[in-house]
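My questions all concern the structure below.
The values are calculated or read from the model by the stated rules, or taken from the named source; none is laboratory data. Everything numeric here is computed off the predicted structure, so don't read it as measured data. Please note: Cβ atoms are built from the backbone with ideal geometry, for glycine as well, and neighbour counts cover all protein chains shown.
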Amino acid sequence: MPGTRFPTARLTLGQMRRSAGRLTAAGVAIAIGTAFVTVTLLAGDLINRTARDMIAAEYATADLVLSVDDPEGLTRYDDAAVTAIADLDGVAAVQPLAAFWGDLRHAGKGSYQVFVPAPSHESLSPLELTEGTWPARSGQIAIPPSVVERLGVGVGDTVTLQRSVYPDEAETAQGGTGEGSVEGEAEMVEPVAQTDELEITGVTSDPYGAFTGTGGAVAATAGDVAAWTAEEGADVSYEEVLVALDEPLTGTEVPADLRDALAGAAAATGMAADHVAVETTEARAAAKTIEQTGGQDLVFMVFVLTFAAVALLVAGLVITNTFQVLVAQRTGTLALLRCIGAGTGQLYRSVLLEAAILGALASLAGVAVGAVLTQVALLVAPSFDLGIPLPSAISLTATAVVLPLLVGIAVTVLAALSPARAATRVAPLAALRPADAPTLRGRAGRLRAVLTTLATVGGFGLLGLGAALGLAERPDVGLLAGVAGGAISFVGVVLGSVLWLPKVTAAMGRLVNRSGPSARLAVANTLRNPRRTAATSTALLIGVTLVTMMSTGAAGARQSADTMIDSEFATDIIVAPGSDETIDEVRSAVADVEGLAASTAIAGSFVTLGDVSDLSVNAVEPDALPGVINTPEEAAKLTTGTILLTEGAATSLRVADGGTITATGPDGTLDLTVAVTTAGPLNRIITTTDLAVLDADAVPHAVWARLATGADATTVLSDVQDATGAVDDGAMVIGPAAQAAQFRQVVDVILGIVVGLLAVAVVIAVIGVTNTLSLSVIERTRESATLRAIGLSKGQLRRMLAVEGTLIAGVGAGVGILLGVLYGWAGSVTALSLMGDVQLVVPWTDLAVVVGISLVAGLVASVLPARAAARTSPVAALAVE
Amino acid sequence: MDTTVYVPLDGMGAGSPAVRARSLTKTYGKGEAEVHALAGVDVDFAEGRFTAIMGPSGSGKSTLMHLLAGLDSATSGQAFLGTTDITRLGDRDLTALRRDRVGFVFQQFNLLPMFTAEQNITLPVELAGGTVDQAWFATLVETLGLRDRLSHRPGELSGGQQQRVAIARALIAQPDVVFADEPTGNLDSRSGAEVLSFLRRSVRELGRTIIMVTHDPAAAAYADRVVLIADGKIAGDITDPTPEAALAGLDALRTLEPSVAVGGDA
């Protein structure tokens, strides 16, 4: 029926032209949300392509890849099969994909590397030679640049390969080389350490990134790789064989006769012909990508899209707000239209059509921005040397364009549903009444109050239950309950915010009320349209709650990890030499490392304490202990004649703090005073003087060291490893501090990513604040003019709007922070209680930053509307419309 | 209706003008499209008097008031409030002027909906950062009959009551002059008469100076003097007008040539 449809469309377009400015601001919110979705989808596609490229890189430029299609996974290609295939007519070369892992060492440094056979044919090698030659005979290798750097070696040098050899049952093959002889039954075969001297003949590069994950690969002769693999006790067989043909394949299909010939050759050596899969390189790479990523790219997408959903939810709130005000402003026009015969359905459709047009335009812009951003990121990425070969251009898949577009339109239209209903409620009579300040008086339904209260209370109940389950060491069920409870209660809080947030705003308003007439005006203005203010604050509240929750949770995780590491490890770095004879060398090596505050040797022996025999005790110099320990005040309790015991140890030995216990060693007996310590790692520690009495032969077996303040744990740990690696027999280095630092770093990176993703929602919310303020300014033109006429200065007018902005933002941020800390704590208790006592940490710095950003954002959001308001001439107050 | 002529008491003004216009001109547009809203107006408004500016639509009466009140800028000429030439003031000084020396009463009342009557009345003093003179406030409330309405919000007041609140707001800072722009334009005749009586009482009993713009001869009759304006020029002057005299003056403007003095020598 064009008769009814056409005027609606024309009306809609006319209305949109008049409200263009306001719609643009709302459109930006949607555009950001859809750009987010687009970037996520494009990035997902890029990750997928990169993974496929890396897998395909392994196949070099082979024509065909032979793999195994065996449901039981037992079939493999052996050397006979490979040879048979290579002997076929038309096959130029074959290369079985093999890998052997071993430790390359040189001058005290080591590098764990993957070894692959040197290529049989140039088209079958992902590696390229940049220097020297390929290994030609046994005992030669070509190494990647990472090994050149790590070990400081080059072409012509010799390095040592450390590998394990499992002697076969005959026990003849390798007998005698290893220091450890084989004892016990045959199935308890102990590996024997084997070293080989290898000559470096060349340096390789990995231009297509086939070995990105392993830092390059070492090429050795195929014979060496096979021999080392066999000596390790593994079968020399392959899952994949690369084939280069004399005549390159044309087309994407493998000809049937070629397939049959290859399968037949393999079958002739005993393989089942139907287990031989022959594919082109591309087909195999695509199939293997799916196999390897196993849907993980999907998990990544869902993870990121969750944040996009949050951003779109916030954008939806902004849209709803905007349309509510637009409808309110158009009350007169709408009523007039009703007077001249427009039906409610037409008005409803007109608003929804407006939303759909806005959604479509904004989403298109969003998709374009998202695509451009991703492409720019791709262009910039290579300069950061990520070590991953990225494609140079994005590919705009249909999904990446259509999905964000549909989502953007859907969100906008959905958000406009309730304002559209409001438009239909405008009575024709309203056209005849002079409407002064149009405000939509929505009745906050009783149903809403009941449902949101139920959701909030029930959700928090579930959250509490989750925490209780976590404390009861059932974090799996607890997390389920906690996540569900958190989500339900948050939905309740957000949907119910229009009911209670105005009261919070009023309370906060009373605080700022006293600071002058501008503030009083601002507070009164904020409260005159409580629903709109609440919706604007809620938009910010969502982002702030999630950011705060994440940083509170992260702070809790960091704290718990620190506590756990402190309670399990006495000191920052522990070094145990490979043999007792080298302890002094290790000690001096450690002492020379920069970045360590102190180090001391630990001796040990087994003694009888009270009536319990064979207890290990450690001994240190009492003066040196406090310097290397994380808990120096506990260390100070150690004096000659005392033994440190934990509460638990003291109880089981039936002694109390200050009591006496008899220690009996191979060389003597002492009565030691018990000092109970809270530091677990200091359990059963005595002084070296006392240990010498108990066991004259006791020698130091480890070195404890503590980091200097400000030293980088990871760097120092690596330095200690290098320094002690140079000592004969090496040493085992444990770095709790580095572990803690690494863990902290991982937590920080994850937190950074998550907060970055959530920041999008916060940005949209800030746009919402600006939008709300601008709309208020437009609505209140006459009022602003009156105020100016009765003596409000431009400065006061700007201040008034600044206070309004910060009040709206402050309420959102304040409530958001409270909720976020609560959720963060609940999450920590539920998830982390397994790691020990959870400490409820408040990340004050983070919170201060969040509050600061929110308030500044509110302030900034008021700048543009305030400029518009200040331009209002007082004459406008006199105008009669 | 009370039409008795009010003769000002000695010493209550009439001598020194509160507001003066000298060759005040305002033009809109340029060249062919140039429109003279005000074409060189010279007029004095006496202190302690209630003066009405009357003229038909488009005569320039509103423009004259905007310029005299410093709400709009003149193209040329001068407007004095006391001895201050307000055409030379910047926005900051004009804001201060509006705070301390000028009050406004609007046709649409323009009360702030979220504040009570009392809060609306005291707002100008608060904006200026001053303290409300409680005795003056009580006098205003008493004179305007707002005692029972102070805690009501504008939405709970009748039009007449709202306009009385607006008058109190205009007078709270004891300004040199109050400008009223069609103050009865949005009121029924009863409320209108009531508001006009209050304006007149403010002048008589409280010694204020009020300049009112109106196109209604009945309203103008409440004033001590009517200044007639047509086509951007002063077209007549009636002292101690009656509604009939005012109506006759207005009719004369519509039918006769401009600048003909009616009902007394200007």
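Does residue A:521 satisfy the criteria of being away from chain B (no Cβ under 14 Å) and assigned to a helix (DSSP H, G or I)?
For residue A:521, the condition - away from chain B (no Cβ under 14 Å) and assigned to a helix (DSSP H, G or I) - is not met.
Right, next: Provide a single number: the residues in segment A:220-235 that are within 13 Å of residue A:142 (Cα to Cα) and either of a type in the set (Ser, Thr, Tyr) or touching a helix residue (DSSP H, G or I) at 6+ places or on another chain (Cβ under 9 Å) (or both).
Going through segment A:220-235 one residue at a time, the tally reaches 2.
A further question follows. Taking strands (runs of 3 or more DSSP E) that do not extend beyond segment B:131-242, which have at least 1 residues that are within 14 Å of chain A (Cβ to nearest Cβ) and touching a residue at least 60 places away in the same chain (Cβ under 8 Å)?
The qualifying strands (runs of 3 or more DSSP E) are B:177-181, B:210-214.
Go through (1) surrounded by 23 or more Cβ atoms within 10 Å (Cβ to Cβ); (2) modelled with pLDDT under 85; (3) of a type outside the set (Asp, Glu); (4) closer than 30 Å to residue A:324 by Cβ one by one and return the number of the condition residue A:528 breaks.
That leaves (1) as the condition not met.
Let me ask something else about it. So, in segment A:784-831, how many residues would count as being within 14 Å of another protein chain (Cβ to nearest Cβ), in a helix (DSSP H, G or I) and among the β-branched types (Val, Ile, Thr)?
Total satisfying the criteria: 1.
What residue, among those in segment A:90-135 that are among the hydroxyl-bearing types (Ser, Thr, Tyr) and in a strand (DSSP E or B), is farthest from residue A:231 (Cα to Cα)?
A:130
Just name the residue that is nearest to the chain's Cα centre (by Cα) out of those in segment A:552-579 that are surrounded by fewer than 22 Cβ atoms within 10 Å (Cβ to Cβ) and assigned to a loop (DSSP other than H, G, I, E, B).
The qualifying residue nearest to the chain's Cα centre (by Cα) is A:569.
Next question, about the same structure. Taking the criterion of being within 19 Å of residue A:134 (Cα to Cα), surrounded by fewer than 16 Cβ atoms within 10 Å (Cβ to Cβ) and at pLDDT 85 or above, would at least one residue in segment A:221-230 satisfy it?
yes
Take residue A:582 and decide whether it is touching a strand residue (DSSP E or B) at 6+ places or on another chain (Cβ under 9 Å), in a helix (DSSP H, G or I) and at pLDDT 75 or above.
The answer is yes for residue A:582.
Examine segment B:106-119 for a residue that is under 19 Å from the mean Cα position of the chain (by Cα), assigned to a strand (DSSP E or B) and touching a residue at least 40 places away in the same chain (Cβ under 8 Å), and state whether such a residue exists.
Taking every residue of segment B:106-119 in turn, none turns out to be under 19 Å from the mean Cα position of the chain (by Cα), assigned to a strand (DSSP E or B) and touching a residue at least 40 places away in the same chain (Cβ under 8 Å).
Among the residues that make up segment A:854-864, is at least one of them assigned to a loop (DSSP other than H, G, I, E, B), out of contact with any Cys (no Cβ under 7 Å at 6 or more places or on another chain), over 17 Å from residue A:543 (Cβ atoms) and modelled with pLDDT under 85?
no
Taking the stated definitions as given, is residue A:671 at pLDDT 85 or above, in a strand (DSSP E or B) and of a type outside the set (Ser, Thr, Tyr)?
In short, yes.
Within segment B:78-92, identify whether any single residue is part of a strand (DSSP E or B), on the phi < 0 side of the Ramachandran plot and free of Cβ contacts under 8 Å to residues at least 24 places away in the same chain, and answer yes or no.
yes
Identify all residues within segment A:865-881 that are over 23 Å from residue A:802 (Cβ atoms) and at pLDDT 85 or above; write none if there are none.
Those that are over 23 Å from residue A:802 (Cβ atoms) and at pLDDT 85 or above: none in segment A:865-881.
Condition first: of a type in the set (D, E, K, R) and away from chain A (no Cβ under 13 Å). Can you find one or more residues in segment B:90-106 that meet it?
For segment B:90-106, residues of a type in the set (D, E, K, R) and away from chain A (no Cβ under 13 Å): absent.
In addition: Looking only at segment B:114-124, filter to residues that are surrounded by 23 or more Cβ atoms within 10 Å (Cβ to Cβ) and facing chain A (nearest Cβ under 9 Å); which one of those is farthest from residue B:170 (Cα to Cα)?
B:123
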